[in-house]
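First up is the structure itself, then whatever we jot down about it.
Derivation of every value follows stated rules applied to the coordinates shown; laboratory data play no part. As the structure is a prediction and not an experimental result, all values here were calculated from the model.
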Amino acid sequence: MRGFSIKTEIEEYDTFEEYAKEAQLGADDLVLCGEHTYDDYVAPLSLPVQTLFREKYGKGEPTDGMVDAILDELRGRKYGRIIAIGGGTVIDIAKAVAVAGPDDTVDDLYDKAAELKAYHELVIIPTTCGTGSEVTNISVINRVSKGVKMGLASPAMLPAKAVMITNMLESLPYKVFATSSIDAMVHSVESYLSPNACTISRIFSKEALTTIIKCWKKSVEVGGGDAWKDYAAEFLKASNWAGLGFGYGGCAAVHATAYPLGSVYHIPHGQSNQLMFRSVMEKYKEIKPVGRINELEAIIAEALGLEADESDKHGDSIQPLEALYELMDEVLKAQPLREFGVKEEDLPVFANSVINTQLRLLKNNYVELTEEQVLDIYKAAY
Ligand SMILES: [Fe+2]
């Protein structure tokens, strides 16, 4: 059997300056980030590092075209460590760059996924509280040339270090906080329910879920807005723990069904997960109402402080998952897929594509889903 281990060293700092000093960042290091991040955190320290700014190569989530342009730019450059500072996009790009040989393109990386090796030491500093990608071996690239957004997984992409710095979240806009914390919540739920999780990975998933729910609740109770910043350290840690949970147990149908929404309609990753979360959970409960999903509901109930027999104003007992959907709505209002321009005729195409291209994720489902059931899930979210 596969044992649980944490191969990435996880370091914690209060400020980027403390980290830069400790790590002795210098001319041999390539800092890969957005220009704003560089201006806010790196430039004031006048470090002699090399840089690569992601926005020069395209907007939004990583595509094969964007990563190929970056690989072209870096060909012939000499550098040792890659210091990636950013959210999911920057981290996914950095993972691909770290394992790309001198002549490799994105297609080559997917073709030889089984034998990838690390050419550079990879250090990840997350600036959102969502991806957890700093402790996983997966990079997700929208392969526009193939019309599919899919994950590339390899032990060679596991970062050497994840550096957690609370003040990197300082300038995070509310919408990015909302979608990234929703993403982390979904990681915790999917990895907790995964039949491929283990007792240790579930400890991380459970702690992440509990922390996110409690901190969402406290932030919403005082009116939302910037209130989440009082819990920035907790949200950052929780996203990391959720990463440790899904790094082992995996993500599942919520991510699998969300991917086409990202690749075709460019809905941000965390938000597309939110749009699918409820209908996937409802389908799970319909197919298998008794099982680990009940343990999950007990964790949610405890985090929300719900009493076992608590009822709503109509006298109906409050279902923990329902209460979670409501709380999530206060963080960011979920909307039906049609509001994002998704067309009804897309749904069977998406369902077919999910069944054919997202096996990596679907094997982690709480219950097996047929193409017809995946289509039902899309219809319920529509
Ligand atoms: Fe995710």
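Residues in region 293-303 carry Karplus couplings, in order, of 5, 6, 4, 4, 5, 5, 5, 4, 4, 5, 5 Hz; the curve used is 6.51 cos²θ - 1.76 cosθ + 1.60 with θ = phi - 60°, and Gly or Pro positions show x. Applying the Karplus relation 6.51 cos²θ - 1.76 cosθ + 1.60 with θ = phi - 60° to region 272-277 yields 3J(HN,Hα) values of 5, 5, 4, 5, 9, 4 Hz, where x marks Gly and Pro. Contact order, relative form, for region 9-169: 28 percent (alpha carbon pairs under 8 Å, 6 or more residues apart, mean separation divided by residue count). Taking GLY243, GLY224, GLY262 in turn, the Gaussian network model of the chain (Cα-Cα springs below 10 Å) assigns the largest fluctuation to GLY224. Across the chain, C-alpha contacts under 8 Å between residues 6 or more apart give a mean separation that, scaled by the residue count, equals a relative contact order of 16 percent. Calculated mean residue ellipticity, 222 nm, the chain: -15000 deg cm²/dmol, from DSSP H runs (n ≥ 4) at -39500 (n - 2.57) each, averaged per residue and rounded to 500. Partners of LYS59 within straight-line reach, counting aspartates and glutamates whose Cα lies under 18 Å from its Cα and excluding those fewer than 8 residues away in the same chain: GLU35, ASP68, ASP72, GLU73, ASP92.
Of interest is the spacing of the C-alpha centroids, which for region 16-46 and region 150-229 amounts to 24 Å.
Using only the Cα atoms of region 9-169, build the gyration tensor, take square roots of its eigenvalues as a ≥ b ≥ c, and label the shape rounded, prolate or oblate: rounded if a/c is under 1.5, else prolate if a/b is larger than b/c, else oblate. Note, shape of region 9-169 comes out prolate. Report, by chain and number, residues whose modeled amide H sits under 5 Å from the one on LEU152, excluding near sequence neighbours (fewer than 5 apart, same chain). HN-HN under 5 Å from LEU152: SER139, VAL140, ILE141.
Checking the Cα-Cα distances for LYS218/LYS333; LYS7/LYS78; LYS56/LYS78; LYS95/LYS117; LYS214/LYS283 against a 23 Å cut-off, the pairs over it are LYS7/LYS78; LYS214/LYS283. Using θ = phi - 60° in the Karplus curve 6.51 cos²θ - 1.76 cosθ + 1.60, the 3J(HN,Hα) couplings for region 75-92 round to 4, x, 7, 9, 7, x, 6, 9, 10, 9, 10, x, x, x, 4, 4, 5, 4 Hz; x is entered for Gly and Pro.
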